[in-house]
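The values are calculated or read from the model by the stated rules, or taken from the named source; none is laboratory data. Treat the numbers as computed from the prediction; the structure is a model and nothing was measured. Here the Cβ positions follow ideal geometry from the backbone for every residue, glycine too, while neighbour counts run over all protein chains shown.
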Amino acid sequence: MGGIRLSIKALGDYTRSLQALQPGDRVTVFGPYGRFGDRSLASTRFQVWLAGGIGVTPFLSLAQQAAQAQRPIEGILIWSVRERSDAVFIEELQDWIDALPRMRLELHVSTETGYLTADQLSASVGEDQLKAAEVFICGPAMMMQTITRQLVAFGMRRSRILTEDFNLKP
């Protein structure tokens, strides 16, 4: 039997109220609306998956899908969290990444090393490889905008940067 797992950061009344849901409760679900899967799973380029906080959720799904389908994805997932304790899916994520022999996982803790920058990405990936990569970013809007701007200034083509806005808008 299938199921749905909700990974939600409680930021307001509505998202906090979701914590009261119990197995078996009736809900209406819309989506998914994401665009990462098709492009990432079809790509033959080196991939940089960049997650900020709860923005790791599409990458959990991508890693699981790629591992189960035995896709030969090559790249790195960098998960940026404020505190180490925020990395609640790290063991599950590492298991899926371990099933992808050409992928690796790095945890970036911003209270220890500052906000993630394009220079830090270049140091982790390599300058030439980063410029030729496809970059998938999901996280807080300011993080996605800042990293995208830095990567374009670094010399990346904007067409190789895909951001996932997971905020619901009216």
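Is it fair to say Thr57 is free of Cβ contacts under 8 Å to residues at least 24 places away in the same chain and either surrounded by 14 or more Cβ atoms within 10 Å (Cβ to Cβ) or not hydrophobic (A, V, I, L, M, F, W, C) (or both)? Before you say what the answer is, go through the steps one by one.
On the way: free of Cβ contacts under 8 Å to residues at least 24 places away in the same chain: no; either surrounded by 14 or more Cβ atoms within 10 Å (Cβ to Cβ) or not hydrophobic (A, V, I, L, M, F, W, C) (or both): yes.
So Thr57 fails the test.
Of the helices (runs of 4 or more DSSP H) that lie entirely inside the stretch 83-170, those containing 3 or more residues that are modelled with pLDDT under 95 span 90-98, 118-125, 127-132, 141-154. The C-beta contact set for the stretch 143-167 (first residue in contact (Cβ under 8 Å) with a residue 40 or more places away in the chain, second residue among the aromatic types (Phe, Trp, Tyr) and surrounded by 15 or more Cβ atoms within 10 Å (Cβ to Cβ), distance under 7 angstrom, 6+ apart or interchain) comprises Leu162/Phe36; Leu162/Phe136; Glu164/Phe36. Scanning the stretch 101-114 for residues that are surrounded by 14 or more Cβ atoms within 10 Å (Cβ to Cβ) and either among the polar types (S, T, N, Q) or over 16 Å from the mean Cα position of the chain (by Cα) (or both) gives a single hit, Ser110.
Considering only the stretch 8-53, how many residues are surrounded by 11 or more Cβ atoms within 10 Å (Cβ to Cβ), in a loop (DSSP other than H, G, I, E, B) and modelled with pLDDT under 70?
Taking the stretch 8-53 as the starting set, the residues that turn out to be surrounded by 11 or more Cβ atoms within 10 Å (Cβ to Cβ) are 8-10, 15-16, 18, 21, 32, 34-37, 39-41, 43, 45-53.
If we keep only those that are in a loop (DSSP other than H, G, I, E, B) as well, we get 8-10, 21, 32, 34-35, 43, 45-46.
Keeping just the survivors that are modelled with pLDDT under 70 gives 8-10, 32, 34-35.
Final tally of qualifying residues: 6.
What tally of residues in the stretch 126-143 results from selecting those that are crowded, with 20+ Cβ neighbours inside 10 Å and not charged (D, E, K, R)? It would help to see each step written out before you state the result.
Looking only at the stretch 126-143, we keep the residues that are crowded, with 20+ Cβ neighbours inside 10 Å, and these are 130, 133-139, 143.
Filter again for not charged (D, E, K, R), leaving 130, 133, 135-139, 143.
Residues in the stretch 126-143 being crowded, with 20+ Cβ neighbours inside 10 Å and not charged (D, E, K, R): 8 in total.
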